[in-house]
Amino acid sequence: MIRFPEEFVFGVAASAYQIEGAWNEDGKGESIWDRFVREPGRILNGDTGDVACDHYHRYPEDVAVMADAGIPAYSLTTAWTRIIPDGTGAVEPRGIAFYDRLVDELLAHGITPYVTLYHWDLPQGLQDRGGWANRETVAAFVRYADVMSDALGDRVKHWKTFNEPWVAAFAGHYFGDFAPGHTDFAEALTVAHHLLLAHGRSVPTIRSNVAESDIGIILDCRPSAPATAAPADIAANRYFDGFRNRWFFDPVFGKGYPRDMVDAYRERGAYETDEPPFVRPGDLEAIATPCDFIGVNYYTALSIGAGHEEDEKPEIKPGPNAPDGHTEMGWEIVPTALTSFLKRIHDDYGATDIRITENGASFSDGPTTEGRIRDRRRIEYLWAHLEAVADAIDAGVPVTGYFVWSILDNFEWDLGYSQRFGLVWVDHATGQRLPKDSLSWYGGVIASRSLG
Ligand code: IFM
């Protein structure tokens, strides 16, 4: 039997664009995702987040489902375009009123809100002026963080600035499969820097608005190992780790950008200067502004061979026929890599408070004839990863929380509604919700603070 410490926080997570819908209601401005989903061929089946789970209107029902299951914490994200529709202009009170209502509903049900300010839905008005490649977007973000933390800071203590900046930068500006769909490596590097800078610059602002604040950033991690012991594979894996993990963890923890990657990016033609040209005096100090915790999103681990330094070798295609040992995203299930990555963050960076801010699995199990969803594979996945977290805690790593991705089946970006990560099944045609077996299982883990 595994027991979790009394202060360990269990929760669930979701993000604004993936669940809210109401894409153009109550003064909301257009985001880069509102624009991107309308470009032909971008999203599987032409799906959009226009309605998504209609959480904007159905949030009382969703909060009640969480409360019934005994979920103590919910990590939500706020949509910048509801608050400052074009990114820099007037504040829209109806947008703030929505998050006021949501936070109040959560608190009334005994659920602690955790708020993330940016989960990829940049105002299109800012994109039209260069988006995250334009350094002025940093100041626009700090203003948005100020408005939001001022509005909710009397009730919300837990704040995260950015979710998965690697994805926003590289999926959005290099691979081009996420908004805004660009394919320029040098631009992606500039974007990554500005995202990190906006994080660091906004921390003091949030702190000044929120008494007893608890602030961090969420980095997605992709642990990897060389495909073979061949020197070329070892070098490829080192590059991949720098590209995917160290480029973000190092500066956030005050180590600056990793020298091997600064050199490698120059060699691949991203810039010609010794130091990256987008880094200005004071930037690295700002990025390393001390935070209260680091959030880590973990789903899978990879084996990297030469020639695959910048891709994830998606040999297994997403879909319901993903073989055993993989989720339907095609992602290999490797809980032990979570334990070792957590140890590494503690050992290499001295992290003193680490939270798993997302972990979960896509499996498409739907309702049986008796109206029940027996998502046994999701339960096994979550169980194995909670064991991996417990192993890290046993090894002395300060892991203080775990949030399941996601509370609802929702819009999975370029894959539309084809992937179901929820603890609650959603019929996207009608909006009907149906709790899965995994939700009651997770509620049991939380109630007993134990596994097994
Ligand atoms: O759905 C996403 C989420 O938006 C960010 N982290 C990974 C999840 C699953 O792909």
Quick count over region 366-383, residues being buried (at least 19 other Cβ atoms within 10 Å of the Cβ) and either away from the ligand (no atom under 16 Å from the Cβ) or not hydroxyl-bearing (Ser, Thr, Tyr) (or both), is 5
Quickly run through region 61-76 and pick out the residues that are open to solvent by 10 Å² or more (accessible area, probe 1.4 Å) and touching a Lys or Arg at 6+ places or on another chain (Cβ under 9 Å). GLU61, VAL65
Being among the aliphatic types (A, V, I, L, M) and within 16 Å of the ligand (Cβ to nearest atom) is the filter here; which residues of region 162-191 pass it? VAL167, ALA168, ALA169, ALA171, ALA179
Is it true that GLU328 is surrounded by fewer than 21 Cβ atoms within 10 Å (Cβ to Cβ), of a type in the set (D, E, K, R) and at negative phi? no
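When you scan region 292-311, how many residues do you find that are part of a strand (DSSP E or B) and under 20 Å from ARG201 (Cα atoms)?
So the answer is 3.
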Go through (1) more than 30 Å from PHE248 (Cβ to Cβ); (2) under 16 Å from the mean Cα position of the chain (by Cα) one by one and return the number of the condition GLY360 breaks. (1)
Can we say PRO231 is of a type outside the set (Lys, Arg) and farther than 23 Å from THR137 by Cβ? yes
Let me confirm something: among VAL404, VAL424, which residue is aliphatic (A, V, I, L, M), in contact with a Pro (Cβ under 6 Å, 6 or more places away or on another chain) and surrounded by 17 or more Cβ atoms within 10 Å (Cβ to Cβ)? VAL424
Within region 276-301, which residues are among the hydrophobic types (A, V, I, L, M, F, W, C) and more than 15 Å from the ligand (Cβ to nearest atom)? PHE278, VAL279, LEU284, ALA286, ILE287, ALA288, CYS291, PHE293, ILE294
Filter region 171-192 for residues that are part of a helix (DSSP H, G or I) and surrounded by fewer than 22 Cβ atoms within 10 Å (Cβ to Cβ) and give the result. ALA171, PHE185, ALA186, GLU187
Report, by residue number, each residue of region 331-365 that is modelled with pLDDT of 95 or more, within 16 Å of the ligand (Cβ to nearest atom) and of a type outside the set (Gly, Ala, Ser). ILE333, VAL334, LEU338, PHE341, ARG355, ILE356, THR357, GLU358, ASN359, PHE363
All positions within region 204-222 that are under 21 Å from GLU358 (Cβ atoms) and in a helix (DSSP H, G or I): ILE206
Unmet criterion (only one of (1) under 20 Å from the mean Cα position of the chain (by Cα); (2) farther than 19 Å from PHE421 by Cβ) for GLY371: (1)
For region 9-33, the count of residues that are away from the ligand (no atom under 16 Å from the Cβ), open to solvent by 10 Å² or more (accessible area, probe 1.4 Å) and either under 30 Å from ILE446 (Cα atoms) or among the hydroxyl-bearing types (Ser, Thr, Tyr) (or both) equals 1
Would you confirm whether or not region 355-364 contains a residue that is in contact with a Ser or Thr (Cβ under 8 Å, 6 or more places away or on another chain), assigned to a loop (DSSP other than H, G, I, E, B) and in contact (Cβ under 8 Å) with a residue 60 or more places away in the chain? yes
For the structure I just gave you, tell me whether ALA168 is surrounded by fewer than 19 Cβ atoms within 10 Å (Cβ to Cβ) and of a type in the set (Gly, Ala, Ser). no
Within region 335-352, the residues that are open to solvent by 30 Å² or more (accessible area, probe 1.4 Å), part of a loop (DSSP other than H, G, I, E, B) and in contact (Cβ under 8 Å) with a residue 60 or more places away in the chain are GLY350
Okay, strands (runs of 3 or more DSSP E) sitting entirely in region 384-452 with 1 or more residues that are closer than 21 Å to ALA67 by Cα and within 16 Å of the ligand (Cβ to nearest atom), I get 399-405, 424-426
What helices (runs of 4 or more DSSP H) completely inside region 79-156 contain at least 2 residues that are within 16 Å of the ligand (Cβ to nearest atom) and at positive phi? none
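The values are calculated or read from the model by the stated rules, or taken from the named source; none is laboratory data. What you are looking at is a predicted structure, and each value in this text was computed from that prediction instead of being measured. Note that each Cβ is placed from the backbone with ideal geometry, even for glycine, and that neighbours are counted across all protein chains shown. Ligands, DNA and RNA are stripped out before the accessible areas are found, and what is left, the full protein with its side chains, is counted by its heavy atoms. Shrake-Rupley method; radii C 1.70, N 1.55, O 1.52, S 1.80 Å.
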